[in-house]
Amino acid sequence: MIEVKNVEKSFGESKILKGVSTVFETGKTNLIIGQSGSGKTVLLKSLLGIHKPEVGTISFDGRIYSELDDDEKRELRTEIGMVFQGSALFDSMTVAENVAFPLRMFTNKSKPEIKERVDFVLERVALKDAHHKLPSEISGGMQKRVAIARAIVNNPKYLFCDEPNSGLDPNTSILIDNLIKEITEEYNITTVINTHDMNSVMEIGEKILFLKNGLKAWEGTKEEIFKTDNEAVVAFVYSSNLFKKVREAHLKGY
Amino acid sequence: MLKEIFNKQTKWSVMRNLIFKEIDDLIIDSLGIVAFISFFVGGVVSIQTALNLTNPLIPKYLIGFATRQSVILEFAPTFISVIMAGKMGSFITSSIGTMRVTEQIDALEVMGVNSLNYLVFPKIIALLFYPFVIGISMFLGVLGGWIAGVYGGFTSSAEFINGAQMQFIPFHIVYAFIKTIIFALLLATIPSFHGYYMKGGALEVGKASTVSFVWTSVSIILFNYILTQLLLGS
Ligand SMILES: Nc1ncnc2c1ncn2[C@@H]1O[C@H](COP(=O)(O)OP(=O)(O)OP(=O)(O)O)[C@@H](O)[C@H]1O
Ligand SMILES: [Mg+2]
């Protein structure tokens, strides 16, 4: 469980996060949604410790990040898996080496043990035959799956994904969303996903945080998001015709 | 930045591979071009000296002497380093810069890797082998001078070798290698700095490489001046 309390973050004069509080629960896919520029990435990077909030605290199962010393911070970071927006695979390494990287860095596992674990997670993301390919030789969707494999290989307690399906076709998006959800439940991970894709919200939105102008404007589940009267949410969610129709159908009770 | 590079070391089993890779990319890969340039520039220095010694009273062995002095004191340590600021430097800046703009450095940090140590430390270690490159350059430069001098009919082999051994001051070699080590540190750190702290996208990677080349070569030239004044000037 990650508890965010009253987090504020500014860059120079402009305040991007203006006091955000929420709880991301363990074993659930927690979504951060909101318009472009609303501060989703800044919030996610604050959770990761890449940005340091000026005000507020972030605690990981009781460990308050800003109060940890450097060693404890690095220790905590080995419990974190992150899927970056652009996958951020190491392009000088093969797929298998990318996935093996956290194990080689942070565990004392032997080569056969590492290989076994890498085979296992690559199979888990349905990429059995790509071991020896370089990131530049595989498609964007495959890169995302490799990034997920790398993020989960060292059994993280916390998984963060920045727009895991931007730039992917709808089918691949849904595959990736469901993969993340399954993994979250299977290993009881606290997962936080940053997205503006309403399809993801419908698929896997167990807990949704709606950000607007650096403030929490709304929070709830995917069932609730279609019933809420909150104007900002309605304006965001139903900006497309498709979802307007979905909402009408919902309200009629389908 | 410097402190972080040596802090919180990456596991040795991983670091060892990184160092071998950097030695391959930075040192081994440069040998060909360094050998080529040194050999031919050494030849040209020898020919130029010969052509400028028109007074019959000036002994021919000065050709060997002048070639040796200019190659060992300046050409090999300084000018090869400026060329390497272009070759190694832009390689370092663009490879680290690409990792920055594609969030690979963030990925390392998020995993808990000290990215400065991971990326820069192996380059510094690899460049401890840089004096070997310069040593080879010195040897080939003088060799090139000898071959060009003798086969161009400007001097006899004995005269050249005699000149190349004349008034040999061992401290000159020390001076040249002190310079080389300092230049190696500049070559490893300045381009890394420009790559690591860059912002933007692919276009900026290109710009950062250019800026990095300018700064690296300017600092090599400045340090060359300062070190020469300090070590030989007094
Ligand atoms: N490092 C930074 N320095 C200065 N300003 C920043 C920085 N990072 C983000 N911002 C600003 O913070 C605001 C929120 O940006 P953020 O990246 O969090 O948006 P987002 O909600 O993730 O949008 P998108 O959906 O487009 O990714 C933007 O106005 C941006 O300009
Ligand atoms: Mg974003």
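Only the coordinates and a few stated rules stand behind these numbers; no lab work does. Remember, it's a predicted structure, so these values are computed and weren't measured experimentally. FYI the Cβ positions are ideal-geometry reconstructions off the backbone, even for glycines, and counts take in every protein chain you see.
Structure values in brief
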| quantity | calculated |
| --- | --- |
| Beta bridge orientation in chain A: antiparallel %, DSSP, nearest 5 | 55 |
| Mean Kyte hydropathy of -0.5 or more with a Cα span along the axis of at least 27 Å, helices from DSSP in chain B | B:29-52, B:80-101, B:130-151, B:170-196, B:202-232 |
| Rounded to whole Hz, the Karplus (6.51, -1.76, 1.60) HN-Hα couplings of segment A:221-226, x for glycine and proline | 9, 5, 5, 6, 5, 7 |
| Cα gyration tensor shape of segment A:132-178, rounded if a/c is under 1.5, else prolate or oblate by comparing a/b with b/c | oblate |
| 0 to 90° range, to nearest 10: angle between helix A:140-152 axis and chain A longest Cα axis | 80 |
| Sequence-distant residues sharing a close amide H with A:Trp218 (under 5 Å, placed H) | A:Phe210 |
| Vicinal HN-Hα couplings computed from phi for segment A:25-37 (Karplus, 6.51 cos²θ - 1.76 cosθ + 1.60; Hz; Gly/Pro x) | 8, 6, x, 10, 8, 9, 10, 10, 10, x, 5, 4, x |
| Length-normalised contact order for chain A - Cα pairs under 8 Å, 6+ apart - percent | 27 |
| Stokes-Einstein diffusion coefficient of chain A, Kirkwood radius over Cα pairs, 10 °C, 1.306 mPa s, in µm²/s | 83 |
| Proxy reagent accessibility, fewest Cβ within 10 Å first, across B:Arg16, A:Arg124, A:Arg150 | B:Arg16, A:Arg124, A:Arg150 |
| Of all DSSP beta bridges in the protein assembly as shown, antiparallel share, percent nearest 5 | 55 |
| Highest-MSF residue in chain A out of A:Leu48, A:Leu68, A:Leu103 [GNM, Cα springs under 10 Å] | A:Leu68 |
| Rounded to 10°, Cα long-axis angle of helix A:111-124 versus longest principal axis of chain A | 30 |
| Coordinate range along principal axes, alpha carbons of chain B, Å, largest first | 71, 33, 33 |
| Shape category assigned to segment A:151-245 from the gyration tensor of Cα positions, a/c cut at 1.5 | prolate |
| Least to most buried among B:Met15, A:Met82 (fewest other Cβ within 10 Å first) | B:Met15, A:Met82 |
| Shape parameters for segment B:39-86, alpha-carbon atoms, Rg then Dmax in Å | 12.4, 42 |
| Residue among B:Tyr61, B:Tyr151, B:Tyr196 with the largest mean-square fluctuation in a Gaussian network model of chain B, springs linking Cα atoms under 10 Å | B:Tyr151 |
| Built amide H within the under 5 Å cut-off of A:Phe90, gap 5+ | none |
| Cα shape, segment B:1-66, gyration tensor, a/c 1.5 rule | prolate |
| With eigenvalues of the C-alpha gyration tensor scaled by 5 and rooted, the protein assembly as shown, Å | 60, 22, 20 |
| Between segment B:150-183 and segment A:1-64, the Cα center-to-center distance that results, in Å | 65 |
| Nearest 10 degrees, 0 to 90: helix A:95-106 Cα axis against chain A principal axis | 90 |
| Cut-off under 5 Å, modelled amide H: who pairs with A:Lys28 long-range | A:Thr191 |
| Note, ³J(HN,Hα) from phi for segment A:192-205, Karplus 6.51, -1.76, 1.60, rounded to Hz, x at Gly and Pro | 10, 10, 9, 8, 10, 9, 5, 4, 4, 4, 5, 5, 10, x |
| Of A:Lys5/B:Lys123; A:Lys216/A:Lys245; A:Lys18/B:Lys8; A:Lys5/A:Lys252, those spanning more than 30 Å from alpha-carbon to alpha-carbon | A:Lys5/B:Lys123; A:Lys18/B:Lys8; A:Lys5/A:Lys252 |
| B:Ile58, B:Ile92, B:Ile124 arranged by Cβ crowding within 10 Å, fewest neighbours leading | B:Ile58, B:Ile124, B:Ile92 |
| Distance violations [Cα-Cα > 27 Å] among A:Lys52/A:Lys133; A:Lys111/A:Lys157; A:Lys73/A:Lys133; A:Lys133/B:Lys11; B:Lys87/B:Lys179; A:Lys9/A:Lys73 | A:Lys52/A:Lys133; A:Lys73/A:Lys133 |
| Calculated [θ] (222 nm, deg cm²/dmol) that DSSP helices of n ≥ 4 give over the protein assembly as shown, each run adding -39,500 (n - 2.57) | -18500 deg cm²/dmol |
| Segment A:89-155: radius of gyration and largest Cα-Cα distance (Dmax), Å | 10.7, 32 |
